[in-house]
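Structure first, commentary second.
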Amino acid sequence: MTMDEVGSARDRGTASWAGAPSRTTGTRTTNEEVRQQNLSAVLRLVHVNGALSRSHIGAATGLNRSTITALVTELLDLGVTREAETAPTGRVGRPSLGVAADDAVVALGIRVEPDAVSVALVGLGGTVHSRVRHDLSSPPSPRRFVQIARSLVDGMRADIDRHYRLVGAGLAVPGLVDEAGTVVVAPPLGWRREAIATRLERALGIQVTAGNDASVGAMAEARFGVGRDADNLLYLGGGLHGIGGGLVFDRTLLRGTSGFAGELGHTVVDPRGARCACGRRGCLSAEVNPAPLLELLGRRKLDEDELDIELGVARDPAITAELERQVDVLSLALTNFVNAFAPEAVILSGYLGVLLAASRERLSRAVHVDPVGAEGRHVRLERAHMRSRLMQLAPAEMAFAPLLADPVGLAPRPGR
Ligand SMILES: [Zn+2]
């Protein structure tokens, strides 16, 4: 099967990839709709949790044994799940034959950053099969980005055609992306009003869904990372090019008007502060940024792990003072966010994860705020779990969304 055949069968639809669409018409729910919702629930369950026994699926969904058997059989026939051994359960210790998402059903997770374009081949269930990256010395124009992405994907085609069934691609962009996949503005890239999903779709010949990188990261962390037990979480990812936020409430990404909610990096924390890429002064993105620390360390660029080490051994008082200043600013912002959104968990990713490792106690105090009139509450403060792997699989989640919502309507047929 060619990639085009798979791609063309897809309805672009809305980009509300975060939640299952409700297909009930009025108050009437047909058997067909119930079946579709149940298939979707079972597929999501094994997508997020890995191999599960039929009895575990029954317990998680509340459906009876014969219904589960029928649903699992149908998902196997659709070629989106496979039989798989489940982990041994405590008392008997014998692995049983369960069902898992079929990781031969794949999506491309594409990411564009000012200094790189990367493409990951991700299987249903969150397996990263392979990944390629193209480093850049300056931010790519939209045209250049599409060229690079296309050549990276071309390099994967033979492997994809031979071994996998491709459902589409997801693109994570450091900027505001509307529901049609148009980048409204992406200051780190210098992009403005670019119909990037459409352009990439034409170049690749498959369906492309685009979204904000922090929103995409928040959903992936909620599904596969440290946020998986939390219904409500606040995610903040930071780097040289600013801070992005994502809010997941009731396990659904908070989108806001046009999908622009969660731009927490442009919360003003000091009206007389440093100039931000958005044009204002004193945004969190401008005030909490690795650039001043890199300068003090005499380095141009460091990845997360390297920065952990360098800051851990730094004894220069100027570095300590700058680190403390930034942690104080971040603490102030976190206190405000926790009061505004009351999340169960706050997850810090990228550079902000580095700050958390360097100053866990100070930042913990900031999230354990007692809101007016309330008893002390417990907010988990965690460093993003998956680091770079998260941002590889995260964009692919957007491409899997329609299949997860409607396995019958959208399953790529097994290529036999
Ligand atoms: Zn700003």
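The values are calculated or read from the model by the stated rules, or taken from the named source; none is laboratory data. Bear in mind that the values here come from a model prediction, so they are computed numbers and not experimental data. Positions of Cβ are backbone-derived with ideal geometry, glycine not excepted, and every protein chain shown enters the neighbour counts. For accessibility, only protein heavy atoms count, side chains too; no ligands or nucleic acids. Shrake-Rupley method; radii C 1.70, N 1.55, O 1.52, S 1.80 Å.
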Within the chain, what whole-number % of the accessible surface is contributed by carbon and sulfur, with the 1.4 Å probe and all protein chains included in the calculation? 49
Gaussian network model of the chain, Cα within-10 Å springs - most flexible of D328, D303, D154: D303
Just for the chain, what percent of DSSP beta bridges are antiparallel, to the closest 5? 65
For a quick protection proxy, order the peptides 98-106, 73-81 by their average other-Cβ count within 10 Å, most packed first. 98-106, 73-81
Report D for the chain in µm² per second (integer): Stokes-Einstein, Kirkwood Rh on Cα pairs, 4 °C, 1.567 mPa s. 58
From DSSP H assignment alone, runs of 4+ in the chain each adding -39500 (n - 2.57), the sum over residues rounded to the nearest 500 puts [θ] at 222 nm at -13000 deg cm²/dmol
Could you state the orientation-averaged shadow area of the convex hull built on the Cα atoms of region 48-201, in nm² to one decimal? 11.8
Please report, ordered by residue number, every helix of the chain (full DSSP H runs) that is 24 Å or longer along its axis going by C-alpha atoms and whose mean Kyte-Doolittle hydropathy reaches 0.5. 317-341, 387-405
Among V72, G126, H378, whose Cα sits farthest toward the positive end of the charge dipole of the chain (+1 at Cβ of Lys/Arg, -1 at Cβ of Asp/Glu, about the Cα centre)? V72
Restricted to region 226-385, the DSSP antiparallel beta bridge percent, nearest 5, is 50
Region 226-385, accessible area per residue, ligands and nucleic acids excluded (1.4 Å, Å²): 48
Using the Cα gyration tensor of region 226-385, the equivalent ellipsoid's semi-axes, largest first and to the nearest Å, work out to 25, 18, 15
